[in-house]
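Enquirer: Attaching a single structure in structure tokens format; questions to follow.
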Amino acid sequence: MARLVIVSNRVSMPRERLSRAGGLAVALREALAGQKDGGLWFGWSGETVAEPQPAPRRASLGKIDFAVLDLSPAEHKGFYTDFANSTLWPLFHYRLGLIDFHRAAWESYLSVNERFAEQLAALLRHDDVVWVHDYHFIPLAAALRRRGVKNRIGFFLHIPFPAHEVLAALPAHRQLVADLCAYDLVGFQTWNDVRALTEYVLHEVGGRVERPDGGIGAVRIAAFDRELRVAGFPISIDTEGFARTAAHEAEAEDTVRLRDSLGNRSLVIGVDRLDYSKGISKRFEAFQILLGARPEHRGHVTFMQIAPISRGEVSQYRQLRNELDGLAGRINGRYAEFDWMPVRYLNRSFTRNQLAGFYRVARVGLVTPLRDGMNLVAKEYVAAQDGADPGVLVLSRFAGAAAEMSGAVIVNPYDTEGLAEGLDRALTMPLEERRQRWQANMAVLRGNTITHWREGFLAALAA
Ligand code: GDG
């Protein structure tokens with residue numbers, strides 16, 4: 001087994017508390033620790049300094065080495081805020097109206113990728129297998145290839161890949177896709193994303209696309225003088241681990257406090273980074289419609305939205321925050337009673353264990369992104385349920401998870417009245433149907449855990 005090198009924007013360094021980290025950080029660390037020849041995790045330190053040192057800062061933990069680079073303030077603005085978060089993020093989430101494209105930001109994105117490639121190339125051994133993550137580093141393989149790197153390099157995109165004509169709104173779309181083709185294997189969350197890239201390659205580039213016999217397995221693409229494979233690898237969670245944590249947390253102090261605070265009201269829960277892709281405003285509106293149209297729910301349902309602040313440096317995120325503050329205030333102002341508050345809106349984060357306990361208390365998990373690569377909250381909510389009396393997942397058709405969660409109540413988040421109906425259906429669903437739906441979802445989650453995802457990708461990369 002060759003050494004595994006993982007590249008991601010944020011590196012979870014040895015000192016960081018994994019209780020606050022996402023399941024992905026844990027899974028990647030496990031992947032590195034599990035390699036016989038050890039692993040290297042390379043990326044941004046998360047720090048911005050006036051004059052970044054050229055060479056990476058190193059650390060190690062058992063068989064894992066860490067190497068991180070700082071960004072300069074200009075790089076932080078150009079590469080990270082303006083290009084990754086204000087151009088690629090909205091574009092890939094189909095929000096053309098929110099894009100703020102500037103050539104200087106694109107140049108900064110490319111030059112940070114060049115700088116990172118330069119430093120990484122110096123650390124690589126000839127038989128390392130490299131696995132690059134997410135939209136911050138699409139051009140990295142091409143930059144490594146320019147430096148003579150011949151290693152196997154795979155890429156996994158955590159967010160959706162947009163349809164041809166949406167992607168074409170990016171002035172640099174052709175170069176971005178050409179750079180993507182420098183990888184040996186490109187993994188997406190869903191086969192819908194795979195289709196989006198193949199359509200682009202066929203119609204925009206005039207490349208070749210070869211689907212495997214029987215339609216299952218990686219698609220082969222030939223374009224920009226390169227051949228590569230593209231496939232769907234739906235990311236998942238540590239299903240049994242999360243289920244155990246939730247069962248254990250059922251009697252933890254905070255879970256009990258939450259349950260006591262509800263009395264015999266049903267809890268609807270939403271947990272998201274405060275991001276416009278998550279459809280939180282539509283969700284608030286739908287809850288308001290539900291209370292208006294179905295007065296029987298008034299006083300009997302509490303909606304708790306946990307939304308830690310994210311990307312506060314981007315103006316659209318600040319606007320969203322103002323909008324949600326207003327919506328929560330208006331709904332509570334209009335419907336609250338002296339002994340019941342319809343919306344509990346919390347701009348703070350909780351530990352994974354606390355969240356697991358909260359999910360378990362909730363009768364409904366409300367996950368309504370306007371577009372989402374996968375959405376792990378949907379999966380965590382399902383895994384956290386008590387199988388004897390499970391809650392219902394209400395899920396947007398635009399989350400990657402919708403392709404797998406056949407037991408969810410599937411909604412279109414743009415249709416707020418339909419969303420309110422879905423919510424009503426979930427709140428009034430009989431026990432037998434809740435159990436059947438939960439079992440269907442849980443069977444999928446047991447058959448596809450984060451370990452399956454990781455091993456599936458690495459096996460395909462090695463093949
Ligand atoms: C990107 C893609 C894709 C949330 N609040 C707290 C907290 N969380 C955890 C959740 C979950 C994770 O963060 C969020 O994952 P999502 O998948 O829901 O969304 P993104 O952050 O947008 O992730 C997404 C994912 O990458 C993986 O490929 O699924 O589509 O957009 O695990 O539980 N965790 C803690 N406290 C919080 O308050 N500890």
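Enquirer: Could you grab the pairs with beta carbons closer than 9 Å, sequence gap of 6+ or different chains, first residue in region 224-242 and away from the ligand (no atom under 15 Å from the Cβ) and open to solvent by less than 30 Å² (accessible area, probe 1.4 Å), second one outside any loop (DSSP other than H, G, I, E, B) and small (Gly, Ala, Ser)?
Expert: LEU228/ALA222; VAL230/GLY187; ALA231/GLY187; ALA231/GLY456; ALA231/ALA460
Enquirer: Which of the residues belonging to region 287-345 are β-branched (Val, Ile, Thr) and farther than 23 Å from LEU262 by Cβ?
Expert: Residues satisfying the conditions are ILE309, VAL314.
Enquirer: Out of GLY312, GLY333, I need the residue that is assigned to a loop (DSSP other than H, G, I, E, B), open to solvent by 30 Å² or more (accessible area, probe 1.4 Å), assigned by TED's automatic domain parsing to the domain that holds THR368 and not hydrophobic (A, V, I, L, M, F, W, C). Which one? Steps first, answer last, please.
Expert: On the way: GLY333 fails: assigned to a loop (DSSP other than H, G, I, E, B).
That would be GLY312, the only listed residue that is assigned to a loop (DSSP other than H, G, I, E, B), open to solvent by 30 Å² or more (accessible area, probe 1.4 Å), assigned by TED's automatic domain parsing to the domain that holds THR368 and not hydrophobic (A, V, I, L, M, F, W, C).
Enquirer: Tally the residues that are within 16 Å of the ligand (Cβ to nearest atom) and not in a strand (DSSP E or B), restricting the search to region 132-168.
Expert: Final tally of qualifying residues: 11.
Enquirer: Among the residues of region 264-273, which ones are among the hydrophobic types (A, V, I, L, M, F, W, C) and either closer than 17 Å to SER396 by Cα or without any contact (Cβ under 8 Å) to a residue 12 or more places away in the chain (or both)?
Expert: If the condition is that a residue be among the hydrophobic types (A, V, I, L, M, F, W, C) and either closer than 17 Å to SER396 by Cα or without any contact (Cβ under 8 Å) to a residue 12 or more places away in the chain (or both), then VAL268, ILE269, VAL271 are the ones that fit.
Enquirer: Quick check, is VAL343 touching a strand residue (DSSP E or B) at 6+ places or on another chain (Cβ under 9 Å), open to solvent by less than 10 Å² (accessible area, probe 1.4 Å) and more than 15 Å from the ligand (Cβ to nearest atom)?
Expert: Criteria met by VAL343.
Enquirer: On to the next question. Any idea which of (1) in a loop (DSSP other than H, G, I, E, B); (2) under 20 Å from LEU423 (Cα atoms) is the one LEU324 doesn't satisfy?
Expert: LEU324 satisfies every listed condition except (1).
Enquirer: Starting from residues that are over 20 Å from the mean Cα position of the chain (by Cα) and over 21 Å from TYR109 (Cα atoms), keep the ones in region 156-184 and report whichever is surrounded by the fewest Cβ atoms within 10 Å (Cβ to Cβ).
Expert: My answer is GLU165.
Enquirer: Quick one: which helices (runs of 4 or more DSSP H) sit completely within region 346-463 and have at least 1 residues that are within 16 Å of the ligand (Cβ to nearest atom)?
Expert: Filter on region 346-463 gives 352-361, 376-383, 431-447, 450-462.
The values are calculated or read from the model by the stated rules, or taken from the named source; none is laboratory data. Just so it is clear, the model here is predicted, and its values are computed rather than measured. So basically every Cβ, Gly included, is an ideal-geometry build from the backbone, and we count neighbours across all protein chains shown. Just the protein is used for accessible areas: all its heavy atoms, side chains included, with ligands, DNA and RNA removed. Shrake-Rupley method; radii C 1.70, N 1.55, O 1.52, S 1.80 Å.
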